[in-house]
Amino acid sequence: MKKLITVLSINILVIFIACSSEVTITRIMINGQSFTERYSENLQQLVIFDSAKNRYKTKTIEGLEKFKNLKVLEFQNLKFLENYNFLINVSSCEKLYISTGPYFDFHILKNMKHLKILEFYGNITESDIAYIKINGIDLSFLPDLESFVFDPFNIKLDFTPKILYAEKKS
């Protein structure tokens with residue numbers, strides 16, 4: 001009886017693996033080395049971070065656009081990240097949290113039509129501040145946006161930026 005249960009468990013595991021497709025994410029480090037991570041294609045929440053423990057110094061990320069059901073995406077402590085251009089083709093995200101990464105033109109999020117929450121706690125330069133002071137922050141291309149937090153990690157703003165939102169449909 002015990003052997004039958006074991007065989008049954010292995011068969012169930014094989015069936016589960018055969019039915020579950022994977023998405024491969026590649027993280028490119030500042031030294032050119034890359035690390036591949038595999039996740040279920042049905043993953044709904046993902047946190048990507050660098051730490052002293054994992055010793056990652058992520059420069060860019062590839063493959064996030066392959067997730068079709070990803071609802072929550074969070075980036076933490078990515079101080080070596082060059083930019084967030086890899087988000088251009090990500091479309092299913094509803095909540096995006098960014099801490100300790102570089103400021104970026106939020107227009108790269110234009111395909112996130114269902115984004116409801118955007119929180120930015122990253123780093124910002126003096127030239128970014130000057131641009132925002134004059135032009136504000138345009139989020140008018142995000143029709144479902146309900147909440148936006150903009151609190152740069154490294155500099156406190158001495159002004160309240162103008163935020164452009166999409167018109168809500170009645």
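The values are calculated or read from the model by the stated rules, or taken from the named source; none is laboratory data. Remember, it's a predicted structure, so these values are computed and weren't measured experimentally. Note: ideal-geometry Cβ built from the backbone for every residue, glycine included; neighbour counts use all protein chains shown. Heads up: the accessible areas ignore ligands, DNA and RNA and are worked out on the full protein's heavy atoms, side chains in. Shrake-Rupley method; radii C 1.70, N 1.55, O 1.52, S 1.80 Å.
Checking a compactness column here: for the stretch 87-146, what do you get for Rg(Cα) / (2.2 N^0.38 Å), N being the number of residues?
Normalised Cα radius of gyration, the stretch 87-146: 1.13.
Which FRET efficiency value, to the nearest 0.05, is calculated for Thr125 and Phe35 with the Förster distance at 41 angstrom and r the Cβ-Cβ distance?
Calculated transfer efficiency: 0.90.
Do you know the relative contact order of the chain, to the nearest whole percent, from alpha carbon pairs under 8 angstrom that are 6+ apart?
It rounds to 15 percent for the chain.
Between the helical axis of 2-19 and the dominant principal axis of the chain, each derived from Cα atoms, what acute angle in degrees is found, rounded to the nearest 10?
40
Please give the charge dipole size of the stretch 30-97, origin at the Cα centre, charges +1 on K and R Cβ atoms and -1 on D and E Cβ atoms. Round to the nearest 20 debye.
Dipole of the stretch 30-97, to the nearest 20 debye: 200 debye.
Heavy-atom accessible area of His114 with all protein chains present, probe 1.4 Å, nearest 10 Å²?
Accessible surface of His114 is approximately 100 Å².
Can you show me the helix-derived [θ] at 222 nm for the chain, built from DSSP H runs with n ≥ 4 at -39,500 (n - 2.57) apiece and divided by the number of residues, rounded to the nearest 500.
Calculated from helices alone, the mean residue ellipticity at 222 nm is -5500 deg cm²/dmol.
Evaluate the stretch 21-117: find the radius of gyration of its Cα atoms, find its Kirkwood radius, and give the ratio Rg to Rh.
0.94
How much accessible surface does Lys133 have with a 1.4 Å probe, in Å² rounded to 10?
Per-residue accessible area (Lys133): approximately 120 Å².
If you take every residue apart from Phe80 with its C-beta less than 10 Å away from the C-beta of Phe80, what net charge results, scoring Lys and Arg +1 and Asp and Glu -1?
Its environment carries a net charge of +1.
For a Förster distance of 22 Å, can you work out the FRET efficiency between the beta-carbons of Asp138 and Asp158, rounded to the nearest 0.05?
Using R0 = 22 Å, I get an efficiency of 0.55.
Which order do Ile88, Ile132, Ile108 take when ranked by solvent-accessible area (1.4 Å probe, heavy atoms of all protein chains), largest first?
Ile88, Ile108, Ile132
Could you point to the label whose value was computed as semi-axes √(5λ) of the Cα gyration tensor in Å for the structure here, given (i) 28, 22, 12; (ii) 48, 21, 15; (iii) 37, 21, 12?
After the calculation, the listed value that fits is (iii).
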